[in-house]
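Working notes, beginning with the structure itself.
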Amino acid sequence: MRVALLFCTLIALASCAPTPRGVRDTDVTMNAVVGVADTRLTGDWIEVAAIGRTPGGSWSITASPDGGLIVTGPDGVGRGSLGPTGRLTLSTFLEPLFLLWIDADDRTAVLGTRSGAPAIVLDRRAALPADRAKAVRDILDWNGYDLSQLR
């Protein structure tokens, strides 16, 4: 009888455990940075970390003469724009990216999608300093990303 009771208790507890939600908990509201000028993203970047893809590619973002952005990177050459709500649409991605964070000196930026993959960490240099690495992890965690997936 005790064994049956213990077994039922363990089954009940297991059903209370959170179920994996993939790379991002989509029940968590995504918080994008608003009111950022797209010129803050222009220049050369290194993809220093990512979720849902292999990091390491170089990005070059330039202003298009007719408005918007031209992005050359590991996903090809694409056109896009950064809206006032932090929504970054790029022709090389199936869904919009959102600017989740950019530091005050425009050295590190975090981009993410509502579905969770990809999340992309860009930096002007290949080495991310400890203070900004912590900020990146905090931002991704705040937005519901599974930090164990961060590469």
Q.
Regarding the range 16-28, can at least one residue be identified that is surrounded by 15 or more Cβ atoms within 10 Å (Cβ to Cβ) and either farther than 21 Å from residue 142 by Cβ or at pLDDT 95 or above (or both)?
A. yes
Q) How many residues does the range 78-135 hold that are of a type in the set (Lys, Arg) and within 19 Å of residue 52 (Cβ to Cβ)? A) 2
Q) Out of (1) within 13 Å of the chain's Cα centre (by Cα); (2) assigned to a loop (DSSP other than H, G, I, E, B), the odd one out for residue 127 is which? A) (1)
Q.
Can you find, within the range 104-151, the residue that is surrounded by the most Cβ atoms within 10 Å (Cβ to Cβ) among those that are more than 19 Å from residue 81 (Cα to Cα) and of a type in the set (S, T, N, Q)?
A. 143
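One line per residue, one yes/no per condition, for (1) surrounded by 15 or more Cβ atoms within 10 Å (Cβ to Cβ); (2) at pLDDT below 95:
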site: 12; (1), (2): no, yes
site: 33; (1), (2): yes, no
site: 44; (1), (2): no, no
site: 49; (1), (2): yes, no
site: 66; (1), (2): no, yes
site: 77; (1), (2): no, no
site: 82; (1), (2): yes, no
site: 96; (1), (2): yes, no
site: 102; (1), (2): yes, no
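The values are calculated or read from the model by the stated rules, or taken from the named source; none is laboratory data. Predicted, not measured: the structure shown is a model, and the values here were computed from it. Every residue, glycine among them, receives a Cβ derived from its backbone with ideal geometry; neighbour counts consider all protein chains shown.
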